[in-house]
Amino acid sequence: MAGKVFFSVTMSLDGFIAPEPVPVDDFLAPDKRDDPDVQRWMAQWTELQQWAFPLRFVRENLKLGEGGEEGRDNDVARETFERTGASVMGKRMFDLGEQSWPQEAPFHTPVFVVTHTRRDPWERPGGTTFHFVNDGVEHALGQAREAAGDRDVRIAGGGTTILEHLNAGLVDEFSITLSPVLFGAGTRLFDGVDASRIALEPVRSEPSPRVTHLTYAVRPR
């Protein structure tokens, strides 16, 4: 098991990786689709991720059609996907994604969902199987490491799940795509981080016309 544990997120300039949370049920209920809070969340999230939608790799992976932009942003998206042998995510992220991902979910590897809900594995076309782990992030990560083999494990999100792994000393590296938008409020990536235990070592900084990609190695302090 030689792979790294990493996360890779897009973040606003004022430090948020998602807008202010909206109850999951509001996203899932048909009568809530026009709710102002749901519309606001979707508009802000779309603005944050706007750099990725035109990319050739993203368009192909999400079945949005042929063509798309090449270049360094596209390379970053493709490299992140190719290094990932398995993913770990939280229940809220899964609940939202279950309703919005295409039938061929975009992971194409095993995904381990940290949850208190018992559920049989859910296999999707294209190689993604969701496994539901009921005994915490370390057990989920252990299963993901085994499934990934010599490839890396990605902590896919959301923010709470990323922070649990980071504070537990389980993350080797992370990348932030810094997007030129401001939220003012929302889910902060490092809100609650145990800074007394974590030191960061810059690995690289890569600007593109739309965003800046920052990568850090994580070291014990």
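For Gly67, the requirement of being in a loop (DSSP other than H, G, I, E, B), of a type in the set (Gly, Ala, Ser) and closer than 26 Å to Leu189 by Cβ is not met. Candidates in segment 84-128 are the residues that are buried (at least 16 other Cβ atoms within 10 Å of the Cβ) and of a type in the set (Ser, Thr, Tyr); of these, the one that is nearest to the chain's Cα centre (by Cα) is Ser87.
Scanning segment 149-160 for residues being open to solvent by 10 Å² or more (accessible area, probe 1.4 Å) and either of a type in the set (S, T, N, Q) or under 12 Å from Phe112 (Cα atoms) (or both) gives a total of 3. Applying a threshold of 7 Å to beta carbon distances and a minimum spacing of six or more residues, or different chains, the list of pairs starting in segment 93-113 at a residue that is assigned to a helix (DSSP H, G or I) and ending at one that is aliphatic (A, V, I, L, M) reads Met93/Ala156; Phe94/Val113; Asp95/Val24; Leu96/Val24; Gln99/Leu28. The residues of segment 203-221 that are under 19 Å from Arg72 (Cα atoms), in contact with a strand residue (DSSP E or B) (Cβ under 6 Å, 6 or more places away or on another chain) and either surrounded by 14 or more Cβ atoms within 10 Å (Cβ to Cβ) or not charged (D, E, K, R) (or both), listed by number, are Val203, Ser205, Glu206, Val211, Thr212, His213, Leu214, Thr215, Tyr216. Contact map, segment 193-214: first residue more than 14 Å from Leu166 (Cα to Cα), second residue open to solvent by 50 Å² or more (accessible area, probe 1.4 Å) and aromatic (Phe, Trp, Tyr), Cβ cut-off under 9 Å, separation 6 or more or different chains; pairs are Glu201/Tyr216; Pro202/Tyr216; Val203/Tyr216.
Of all residues in segment 140-158, those that are closer than 21 Å to Gly97 by Cβ and either without any contact (Cβ under 8 Å) to a residue 40 or more places away in the chain or out of contact with any Lys or Arg (no Cβ under 7 Å at 6 or more places or on another chain) (or both) total 10.
The values are calculated or read from the model by the stated rules, or taken from the named source; none is laboratory data. Bear in mind the structure is a predicted one, so any value in this text is a computation, not a measurement. Virtual Cβ from ideal backbone geometry, glycine too; neighbours counted across all protein chains shown. Protein only, heavy atoms only, side chains kept; ligands, DNA and RNA dropped before computing areas. Shrake-Rupley method; radii C 1.70, N 1.55, O 1.52, S 1.80 Å.
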